[in-house]
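Please read the structure below before turning to the comments.
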Amino acid sequence: MSRFTLGIPRRFRLVAIAMTIAAVLALLLVYRPTLSPPGLQERGFEFGVAKGQILVDTPISALADADQDGLGPGYFPLTYALYLRTDAARAAIARKAGIDANAVAASGPFTELLFRPNIVIRAAVRPPPNLEDHDYRVVLDATSGRPVLSIYAQAPTSEEALTLVRSTMQVLREHVREEEERSRVPATERPTLRSLGATEGGQVNSGVNVELAVLAFILFSAAGIAFVYRRERRLRRKAAEPPPPPPPPAPPAEDDWPRTTRLLPWSIAGFLAMVMLLPFDSIKLPIAIPMDGKLDRPVLVLLGTLWLGALLAVKGRGRPRIAITRIHVAALMFFALACLGAVLNAPALVNLDEFTLVLKKLVLLASYIALFAIVASVVRPAEAPRFVALMIGLAVVAAFGTVIEYRLGFNAFYQWSAALLPGSVGVPETLNTLDSIGRTSIYGPAGHPVELATMVGMVVPFAVVGLLESPERRKRIAYAIAIGVIFAGALATQRKTSVVAPAAGLLVLLAYRPRLVVRRLIPVGLVLGLLVGLASPGAIQSIFGQLSPSKFGNVRSTQDRTADYDGVAPDVTRHVLLGRGYESYDHTKYRILDNAYLGLLIGVGLVGLLAYLAILATTMSAAHRTIRSGDPPLSGTALAASASVAVVAVATLLFDVLSRPHVAYLFFFIAGLIAAMRAPGMRAAQAPRPEVMLRPAEPRERERMLPAGSL
Amino acid sequence: MELSQILRTLSKRRLGLAAVIAFSFAAAVLMAYRPVGMPPKLEPRTVALGVASKQILLDLPRPAAVNLRAKISSHVGRTGALLQVLTSVRLERAIARASGIPARLITTEGPHPVPPGVQNVVRPSEARSAEVLDETTTYRLRFKAPSTLPLVTVRAQAPTPAEAARLADATYVALREYVAGLRAELGTDPRRPIVLRDMGPAIAGPLQGGMTKAVLVLGFVAVLILGVLALLTIDVLRARLNAPHLMRPEQLLPDGPPRS
């Protein structure tokens, strides 16, 4: 056997096999194997684009002749655009370009003439193949009353795209000439098609195949190496002694929050109150703060200063204990990749005047991670359930205020902030107005109704777990009331998110505690549904109306989400690995995405998106270990926190979570609680020191003795 | 992994840490600067920006401002058409000739149906691709016009304010030449020309710095974080694989007194 293995250890051979498989898979990702002739055909990730313009003018150009009052009929370019969309024209274009007619799609115009209703009625007949399914695409554009017809083409190569545009122009010219001859229009009354210069184009994403192949190779290799690593550990574990027992649960400390004089937990509680009750991102302070800073920034700086002071000056149990968990690693990696993507695309971002925006967003991201690190290092495991109780209380207040706003049109959060706090409060222009599908815009303390719905929705799992696991009837009733008020507040926003996002959290609870959820939650849910209906009348019907099968896919906001997938392809594939710059895809400038995963894919690329997913995954995985630990108060808190992370994961599908600070801060606060409950240092600090060392070791080896699960 | 362990690991891997810091610095410098020439000099990758703007009025031979009988309302529609023509390849090349800036470095955009900054047109992939191709183009022109006046506003962006002004002024020259060329080609009535009135030289100013320092700092921080995380992760994975409870009995050291 050793003759075949050349004496190479088995684990290295396995790594080599894994990397070979990774290389094959990476190749298959970007190349399609063909049998006749045998070979590899490139998959269509790369594409080129070309653009040409035609001026539809009068025989004596109106641009040069002052005697002409107008520029001829302004609808000519539109007429031509509509003609070029027809099947006959499409076939003619394909013939001229030497392409199969079925491979060519034509569409447009898009600038201002397409009808965009809020509710789209689906045709009963089977629709034609989607535009984005074609390799060769032509888009015609014309602005009402303007004499220029723009022709865009997309094809696997820029040369083919150029050919497509030229063919389109040729087909149009021939069609116009034929029509003129057939109808015998006098020469002076014929429109004249003037060229506006050469057709230009280029390859949009050259090299994307190689980038994807390299990324796939790295990911598959990493997965293979991880597999070999785990296998090696398993083998060693079988042959070794049983692992040392985990440290015993922390005994209750006398100075745990809230019965403490430690400033840091109180400051964190204050920050949490600010996040959940104040429209802090709309408050403009009377002092200038760099990077578009709002109220959260000075408060966080104060919190950070206290934290740093405690780290340097305080000894013993009051000192923040920094323990790096997997969540820290994922968050730091995400931040680093976001910085890297912005730096690598800095010339373009500066050129487009978007680099400052990216810097502001990076500072905001750093603020989230700073809050997470502070919470994870300050909060003790025993304090986590108490912070959860505070969070539920604050959510109840926020939801109650929201219901008041829904019923009376009075937003206490903005009004009272303006009256009590220094600086000015920017009240949203759309506050309490109707949106395009007739929903009242209810803001509560947040910056957007969807943000409010998600923020209170994130707290629902905590209240539900309280209801499920409380042994006392009195507490269960209190939690049931809290759930009712929170749900009433969420539903008052009349957003689909208020139902869809918490539903994801409840599914996580159902997965972990199926019997309890069925036995206790369903009866309570029925009663609460009735009460919520009374508190926010009409809201439930409005949301379930939006969620009904006949409307769900046809509402504009839902359709726009799916329309985004093709529209962002150039931005995604141009910078496929690290993106064009974190949060640089400004919705006011380009397109409202309504899906933060897409935004992240554009902003931080595939690698950055994976890092973001790693934050969610590591947070849930860390919570999972605490849930399975069986430590009653902590496992319940971790379960609710995990469900809350699921709410954020679903909300990320629905809107840009990271640009909404209420939701993002709350998410990183909850992630901090999970890390605080997991961090081995936190638990070891409170646990009595083991009496007996399991084994002696040399100093060098002692350094390697790290607690399992510390990274 | 606790802070003390992190510091201990990093102090143990001093060489690796030094390499990470050196690599981070080198990477950050290369991300912020481009080495050019021999001996190589560092040239910032991000350019400072200058902006300029100017106006062009479509007028009559006898200026509308001093002629009570002048009717320039028919020029309003013409202005919209000219805005579109200004974004064409033909005019781009004419502007390049007039300004002495290579045509491949110039891009044009507009006219927008609503003020720029208000997103209302969802561009399909094909149209967006054309914009994406021009993202790194450093000389940029944007045109707009009010809906009721025959006035074209040109906004130019270039690496320096002087170049931006040159670009904006060249737009007027190119447009005038285009219209004159059309008139000559079509033989329009020379007594009733369309007058393109230059409303004065372009006003220019700086927009922002080159952001080189910010790029340098961000690049350094990013690579440093990734490098340090890699160091720590490798160390932790090795330690976990060799953790005492995973070792075979023969690998364990002989028993001894516990250390404090």
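The values are calculated or read from the model by the stated rules, or taken from the named source; none is laboratory data. Everything numeric here is computed off the predicted structure, so don't read it as measured data. Glycine also receives a Cβ, built like all others from the backbone with ideal geometry; neighbour counts cover every protein chain displayed.
Brief remarks on what is shown
- Residue within segment A:200-221 that is part of a loop (DSSP other than H, G, I, E, B), farther than 30 Å from B:Ala243 by Cα and facing chain B (nearest Cβ under 10 Å) present: yes
- From A:Leu420, A:Leu452, residue being under 20 Å from A:Pro661 (Cα atoms) and either at pLDDT 85 or above or not β-branched (Val, Ile, Thr) (or both): A:Leu452
- Residue within segment B:100-123 that is part of a helix (DSSP H, G or I) and buried (at least 18 other Cβ atoms within 10 Å of the Cβ) present: no
- Every listed requirement among (1) at pLDDT below 85; (2) at the interface with chain A (Cβ under 10 Å from one of its Cβ atoms); (3) outside any helix (DSSP H, G or I) is met by B:His75 save one, (3).
- Flag if A:Ile93 is more than 8 Å from chain B (Cβ to nearest Cβ), more than 30 Å from B:Arg176 (Cα to Cα) and modelled with pLDDT under 90: no
- Here B:Pro159, B:Pro102, B:Pro113 are screened, and the one residue that is facing chain A (nearest Cβ under 7 Å), on the phi < 0 side of the Ramachandran plot and either at pLDDT 90 or above or touching a Ser or Thr at 6+ places or on another chain (Cβ under 7 Å) (or both) is B:Pro113.
Per-residue answers, yes or no, for (1) more than 30 Å from A:Val396 (Cβ to Cβ); (2) buried (at least 19 other Cβ atoms within 10 Å of the Cβ):
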site	(1), (2)
A:Leu272	no, yes
A:Thr305	yes, no
A:Leu311	yes, no
A:Lys315	yes, no
A:Gly318	yes, no
A:Ala323	yes, yes
A:Met333	yes, yes
A:Leu349	yes, yes
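- Among the residues making up segment B:14-49, those that are charged (D, E, K, R) and either more than 11 Å from every other protein chain (Cβ to nearest Cβ) or free of Cβ contacts under 8 Å to residues at least 24 places away in the same chain (or both) are B:Arg14, B:Arg34, B:Lys41, B:Glu43.
- Qualifying residue in segment A:41-62 (condition: under 30 Å from B:Val195 (Cα atoms), in a helix (DSSP H, G or I) and in contact with a Leu (Cβ under 6 Å, 6 or more places away or on another chain)): no
- Screening A:Arg116 against (1) at pLDDT 75 or above; (2) more than 20 Å from A:Ser195 (Cα to Cα); (3) under 35 Å from the mean Cα position of the chain (by Cα) leaves a single unmet condition, (1).
- Flag if A:Leu364 is under 19 Å from A:Gly599 (Cα atoms), crowded, with 21+ Cβ neighbours inside 10 Å and more than 7 Å from chain B (Cβ to nearest Cβ): yes
- Test: residue in segment A:27-50 that is within 14 Å of chain B (Cβ to nearest Cβ) and of a type in the set (A, V, I, L, M): yes
- There is no residue in segment A:169-191 that is crowded, with 18+ Cβ neighbours inside 10 Å, within 27 Å of A:Thr573 (Cα to Cα) and not β-branched (Val, Ile, Thr).
- Those residues of segment A:322-338 which are in contact with a Leu (Cβ under 7 Å, 6 or more places away or on another chain) and more than 9 Å from chain B (Cβ to nearest Cβ), in sequence order: A:Arg326
- A:Gly145 falls short on exactly one of the conditions (1) part of a loop (DSSP other than H, G, I, E, B); (2) at pLDDT below 75; (3) of a type outside the set (Phe, Trp, Tyr), and that condition is (2).
- Selection count, segment A:33-47, where residues are at pLDDT 85 or above and surrounded by 11 or more Cβ atoms within 10 Å (Cβ to Cβ): 2
- Residues that are surrounded by fewer than 14 Cβ atoms within 10 Å (Cβ to Cβ) and either facing chain A (nearest Cβ under 9 Å) or on the phi > 0 side of the Ramachandran plot (or both), drawn from segment B:185-201: B:Glu185, B:Gly187, B:Asp189, B:Arg192, B:Gly200
- In segment A:314-362, the qualifying residues are those that are modelled with pLDDT under 90, farther than 19 Å from A:Phe669 by Cβ and of a type in the set (Gly, Ala, Ser), and the one that is farthest from the chain's Cα centre (by Cα) is A:Gly316.
- Once segment A:561-588 is narrowed to residues that are outside any helix (DSSP H, G or I), modelled with pLDDT under 90 and more than 7 Å from chain B (Cβ to nearest Cβ), the residue that is surrounded by the fewest Cβ atoms within 10 Å (Cβ to Cβ) is A:Asp586.
- Checked against (1) at the interface with chain B (Cβ under 10 Å from one of its Cβ atoms); (2) of a type in the set (Ser, Thr, Tyr); (3) in contact with a Leu (Cβ under 8 Å, 6 or more places away or on another chain), A:Thr356 passes all but a single condition, namely (3).
- Of the residues making up segment A:185-224, those that are farther than 17 Å from A:Ser150 by Cα, more than 27 Å from the chain's Cα centre (by Cα) and at pLDDT 90 or above are A:Gln203, A:Gly224.
- Identity of the residue in segment A:286-313, under 29 Å from the mean Cα position of the chain (by Cα) and not in a helix (DSSP H, G or I), that ends up farthest from A:Leu359 (Cα to Cα): A:Leu295
- Close pairs (6 angstrom Cβ cut-off, 6 or more residues apart or separate chains): among the β-branched types (Val, Ile, Thr) in segment A:213-239, buried (at least 17 other Cβ atoms within 10 Å of the Cβ) anywhere: A:Ile225/A:Val15; A:Val228/A:Leu14; A:Val228/A:Val15
- The lone exception for B:Ala165 - which of (1) within 11 Å of chain A (Cβ to nearest Cβ); (2) crowded, with 20+ Cβ neighbours inside 10 Å it fails: (1)
- Number of positions in segment B:168-184 that are loosely packed, with under 15 Cβ neighbours inside 10 Å, closer than 27 Å to B:Arg140 by Cα and aliphatic (A, V, I, L, M): 1
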